[in-house]
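Report on one structure; see the data block that follows.
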Amino acid sequence: MDAKTLCLGALMHSEASGYEIRKLFEGGPFSAIYDVSFGSIYPALTVLLDREWATCCVAEQDGRPDKKVYSITPAGRAAFLDALATTPAPDKMRSEMLFILSFGDHLPRSVVLELVDRYIANYEDRLSAIDDRCNDSVLPPVRRFVHNFGITMYETALEYLRTHRAELLANELSTREHVHQLEEQVLTTGGRQ
């Protein structure tokens with residue numbers, strides 16, 4: 001989904017500045033679902049204004065610079081709803097932690113365990129933030145579904161991490177022996193079987 005559509009979605013909630021839109025994706029209701037870079041928000045808002053999908057007014061602030069506040073127009077609402085009618089791309093799992101762990105056999109076990117422990121702490125923090133931000137009893141049914149789906153994803157990941165963390169300790173020796181055997185095979189056969 002492109003930044004224009006994400007900005008329109010934020011404006012469907014309420015009028016907002018570019019900074020406020022970013023906060024919706026950084027620590028707000030969209031943070032567990034999607035990410036949009038700060039550098040892509042303002043160019044997207046410029047396009048929305050050019051297409052008359054949004055309007056902008058300047059709001060004065062005491063002791064701070066004025067801010068631009070964007071609102072969605074009826075044409076912007078129609079464009080957003082059209083964008084929602086398209087088939088979404090498949091979800092992509094992007095995780096630096098999982099990439100690093102895929103090479104964990106080459107790292108000291110203490111580093112691997114520390115990484116898993118940090119990941120557990122991060123997921124606990126994210127789950128707590130989702131719970132703190134929202135009273136799901138007041139959400140419309142579809143938003144409650146999304147909210148609870150996010151909670152379930154984090155709870156399931158936490159359960160897996162906590163349950164299988166011990167396997168990393170138990171399998172340390174056999175894994176190192178296996179990696180050593182694979183490395184020797186590559187050196188002696190040039191990678192041919």
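Taken together, the values in this text are just the output of simple stated rules run on the coordinates, not laboratory data. Remember, predicted model here, so these are calculated numbers, not experimental data. Positions of Cβ are generated from backbone atoms using ideal geometry, with glycine treated the same way; all protein chains shown enter the neighbour counts.
Neighbour counts of other C-beta atoms within 10 Å: give me 12, 153 arranged from fewest to most.
Taking fewest neighbouring Cβ atoms as first place, the list is 12, 153.
Please compute the contact order of the chain in relative form: average sequence separation of alpha-carbon pairs under 8 Å and at least six residues apart, divided by the residue count, as a percent.
Worked out over the chain, it gives 17 percent.
Looking at region 26-70, which GluC sites (Glu not before Pro) are DSSP coil and have at most 15 other C-beta atoms within 10 Å of their C-beta?
52
With charges only on Cβ, +1 for K and R and -1 for D and E, what is the dipole size of the chain about its Cα centre, in debye, rounded to 20?
Dipole of the chain, to the nearest 20 debye: 420 debye.
Roughly what angle does helix 109-133 make with the longest principal axis of the chain, taking Cα atoms, 0 to 90 degrees, to the nearest 10?
Once rounded, the angle reads 30 degrees.
Can you run phi through the Karplus equation (6.51, -1.76, 1.60; θ = phi - 60°) for region 84-95 and list ³J(HN,Hα) in whole Hz, with x for Gly and Pro?
Computed from phi, the couplings for region 84-95 are 5, 6, 7, 6, x, 5, x, 4, 10, 8, 10, 8 Hz.
With a cut-off of at most 14 other beta carbons within 10 Å, and DSSP calling the residue loop, which trypsin sites (Lys or Arg not before Pro) in region 1-65 qualify? Please list them.
The qualifying sites are 51.
Per 5 Å bin, what percent of the C-alpha pairs of the chain does each bin hold, from zero upward?
Histogramming the chain at 5 Å steps yields 1, 6, 11, 13, 13, 12, 11, 9, 7, 6, 5, 3, 2, 1, 0 percent.
Take the Cα atoms of region 3-84, find their three principal axes, and give me the spread along each one in whole Å, biggest first.
40, 29, 20
Normalising by the residue count of region 3-84, find the relative contact order in percent from Cα pairs under 8 Å and 6+ residues apart.
It rounds to 35 percent for region 3-84.
What distance in nm separates the simple spin-label points at residue 114 and residue 102, each placed 7 Å from Cα in the Cβ direction?
2.4 nm
Which lysines have a Cα lying under 22 Å from the Cα of residue 68, excluding residues fewer than 8 positions away in the same chain?
Hits, sequence-local ones excluded: 4, 23.
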